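The values are calculated or read from the model by the stated rules, or taken from the named source; none is laboratory data. Predicted, not measured: the structure shown is a model, and the values here were computed from it. Cβ placement follows ideal geometry from the backbone for every residue including glycine, while neighbour counts extend to all protein chains displayed. Calculation scope for accessible area: heavy atoms of the full protein, side chains included, ligands and nucleic acids excluded. Shrake-Rupley method; radii C 1.70, N 1.55, O 1.52, S 1.80 Å.
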Amino acid sequence: INAESWGGFPWIPTSMALDGSSTSLGKLRTSSILKAAIFTRVGLYFLTLIYHYFVEDYDTSTSIYPGNETTIIHKLIGMYARWDAVYFLHIAETGYEFEHHHAFFPFLPLLIRCVQYLLTPLTYFLVPRDVLVLSGIVVTNASFVMASVVLYWLGVRVLRDEQMAYRSTLLFCLSPASIFMASIYTESVFCLFTFLGVLALESPGQRKWSALCFAFAAATRSNGSINLVFLLFNCIRRTSHFLRWPSSLLVPVNLKRFLGEWLLCLGEAILVVLPLLVNLHYATSLYCTPTNPEQPAWCRSFFPNIYSFIQDRYWGIGFLRYYQLKQIPNFLFASPILVLSLQGIVTYLHHLFSHHKLKDALSFSFGSADVASQAASASASA
């Protein structure tokens, strides 16, 4: 594993040091992480296959396999073509045909389409839908394996504790949400590009790649724009000395540096939110044209937003709507992970405020490289 094998991205470490000294990448157990990620994917596949045939499915989604339900390959991988996977596969195959398809962002279907093209020779032996589903499985599982390695490198860099980074990545491989990582969903691809973006931010001289990675993440999931928080935190960190001593901005050189830094942050922010804006504009250009006599209601909004409309109309999703008494069993089901997550947050805050006075923290001294990096790593891992 080296920079060349990852397309030459310069922040991928060929060596990494916990204290500034040179440390061989081999000693960082990257190969062990690779094996763990691959082993858990294979193990999860067989577990899913067993449950698929011996436990009754809870599935109300449509099928991506009309007329091909009896193929051997379908029997082996068809369980991954369920729920949202059906929409991603349909978009990869035919594009955005229906209004509600616009709730699903285009980057994952695009990757599936590209891999399907590479696997075209398989169509001599398999039906096209089998190749399509197989392409989706390759994309998501390969993304998960790469995301695991990047998360490990990120942990080593920002935590300064190789053992903790190793354990954290193993837990990531054993996450209770692993079925979503293995299925044709966006989680794996989103994690990969989010981790790459944070790693670029924490690698000297590689900031220029972070916004691009975050943009790919935003093209994968609608909530990818939240990664702007990392860029904002980094900008505050880089200008904290000016914020602590505003009088220094009276010096023209300092003012130029300060404004230049924040103008660069603005450009990065625009790049990250661009996929969301392009997706909304594309839907508007399809449905809100003057020649369309049956324009949907959302077209008449001041800012037409098909995504919010679809979530409300087709899935009944809105702000805080999920928090109802009938959902209490689901919250109880999720309580172990909620408790672990809260414990992790409390532990981090205790670490932060036990090493830095509250007054200093509020005056941006928590923007130091070590503490800010730990915050970024903790957020990315969550």
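Looking only at residues of the stretch 76-102 that are assigned to a helix (DSSP H, G or I) and among the acidic types (D, E), we find that the one that is farthest from I50 (Cα to Cα) is E99. On the stretch given as the stretch 283-300, residues that are surrounded by 13 or more Cβ atoms within 10 Å (Cβ to Cβ) and without any contact (Cβ under 8 Å) to a residue 60 or more places away in the chain total 5. Going by the structure shown, is L259 touching a residue at least 24 places away in the same chain (Cβ under 8 Å), open to solvent by 50 Å² or more (accessible area, probe 1.4 Å) and out of contact with any Pro (no Cβ under 7 Å at 6 or more places or on another chain)? Here the answer is no, as L259 does not meet what is asked. I236 falls short on exactly one of the conditions (1) open to solvent by 60 Å² or more (accessible area, probe 1.4 Å); (2) in contact with a Gly (Cβ under 7 Å, 6 or more places away or on another chain); (3) among the β-branched types (V, I, T), and that condition is (1). Restricting the stretch 202-232 to residues that are in contact with a helix residue (DSSP H, G or I) (Cβ under 6 Å, 6 or more places away or on another chain), of a type outside the set (D, E, K, R) and assigned to a loop (DSSP other than H, G, I, E, B), the residue that is surrounded by the fewest Cβ atoms within 10 Å (Cβ to Cβ) is Q206.
The numbered conditions (1) assigned to a helix (DSSP H, G or I); (2) open to solvent by less than 40 Å² (accessible area, probe 1.4 Å); (3) not hydroxyl-bearing (S, T, Y) are all true for F105 except (1).
Just checking, does the stretch 357-378 include any residue being modelled with pLDDT of 80 or more, over 23 Å from S225 (Cα atoms), surrounded by 13 or more Cβ atoms within 10 Å (Cβ to Cβ) and among the polar types (S, T, N, Q)? Scanning the stretch 357-378, I find no residue that is modelled with pLDDT of 80 or more, over 23 Å from S225 (Cα atoms), surrounded by 13 or more Cβ atoms within 10 Å (Cβ to Cβ) and among the polar types (S, T, N, Q), so the answer is no. Among the conditions (1) crowded, with 24+ Cβ neighbours inside 10 Å; (2) aliphatic (A, V, I, L, M); (3) more than 17 Å from the chain's Cα centre (by Cα), the only one that L196 does not satisfy is (3).
Taking (1) exposed (fewer than 12 other Cβ atoms within 10 Å of the Cβ); (2) assigned to a loop (DSSP other than H, G, I, E, B) in turn, P304 satisfies each apart from (1). Among the residues of the stretch 334-356, those identified as over 17 Å from F172 (Cα atoms) and either exposed (fewer than 10 other Cβ atoms within 10 Å of the Cβ) or modelled with pLDDT of 90 or more (or both) are S335, V346, S354.
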